[in-house]
Every structure is written in structure tokens, then in C-alpha cells.
Amino acid sequence: MVNVRSLQPPGSALPSDRGGDSRLNLLLSCAHWNPQNWADRLPTLLEPMGVRSFRAASGVEATRVLQQTNVHIAVVDLALPMDPAAGATEEGGSGLLELLARLASPPPTVVIKRARSTRDDRRELAAALRTGAFAVIDRPRDASDVELLLEVLRRCLLRHYAGRWPSPE
């Protein structure tokens, strides 16, 4: 079982212990197909450590977050719609991956894949890796899957930020 506090960089004080001056901004894009969704659970687990979660239910919302916030890690759901309010049928997840890859300083990205045919699954995996995804995982469905996502986020923090909180915005 992953201890949520294990996301805290080794040997460092929690941001709240230092006056809240250092935070990790996490973009959580999610298609919200389930009422007790992983994207709704993660902020509650991570907030006490100083992780700010920005949830986006569409590609348009995710783009807005990226324009307004320095995102340190992005979690991209490939089933994310682009703009459901406008009736757009295109997929926002793959568009968001492309947008992230074009940023001057792209954040590490964890991709949540959809349950699809083996052929489509391979195609999505290849596309995610081409855009520089740090990891590709199945959609979290239960507590053990959320623990896996927490472990991936911990590894991402260790690899991309040398186990330290990113610099403040």
C-alpha cells in the first residue's frame, strides 16, 4: 500500500510547514464517467501535503488551466471530451497531450488510457509515448488503482524534480 505522505520529497518540510511557499500544481483531466471518480478522491488525499489539484472535465477547461497556472505534473485522461457544451465530438485527451508537448517547458504527463480494443490500445499507447508521456496506466477503478496512480506520481516527482518540490510559481 502506498503511503500518501511518501509523495513528500525526502528530507523536506511539507509546504504547510514552511508557510505554504512551495506547492506542486497537478492538472487532473478526467472524463467523469463514474460518480466516485479517482479525480475527485486525489485532491482530498494530496491537499494536506501542499499539492494543488486543478480538475478539468474537458479539453477546453484543461487548456484554460494551462494558460492560468504553472502545472508541474499533468494527468491526462484520453477519454476527455474537447468541449461537451459546444457539442464537439472530437477527443480532448489526445489534443491536450499535443498541447502539453508543444509548451516551452512541458510538465511530465501521466496518461490514463481507455478500455479499447488491443489495436486501438496499442495506437493510443504509441501516440502517448510519442508526445513524451512519463507513464501510461489503466483508468483507476478502485483503491488499489488509485494507489498505483499515487506511486506513479511519486516516481514522477523523484525523476523530474529530483525528489524536491518544484520551484514556486
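Observations
- Packing-based exposure ordering (other Cβ within 10 Å, fewest first) of 160, 72: 160, 72
- Amide H contacts of residue 28 (H built 1.01 Å from N, under 5 Å, at least 5 apart or other chain): 54, 55, 56, 75
- Net charge contributed by nearby residues that have their C-beta within less than 11 Å of residue 26 (K/R +1, D/E -1): +2
- Mean Cβ neighbour count within 10 Å, used as a protection proxy, ranking 93-105, 146-158 highest first: 146-158, 93-105
- In a simple Cβ point-charge model (Lys, Arg +1; Asp, Glu -1; nothing else charged), the range 24-161 has a dipole of about 340 debye relative to its Cα centre.
FYI, it's all coordinate maths here, none of it is from the lab. Owing to the predicted nature of the structure, the values given are computational and were not obtained by experimental measurement. Cβ sites come from the backbone with ideal geometry, for glycine too, and all protein chains shown count toward neighbours.
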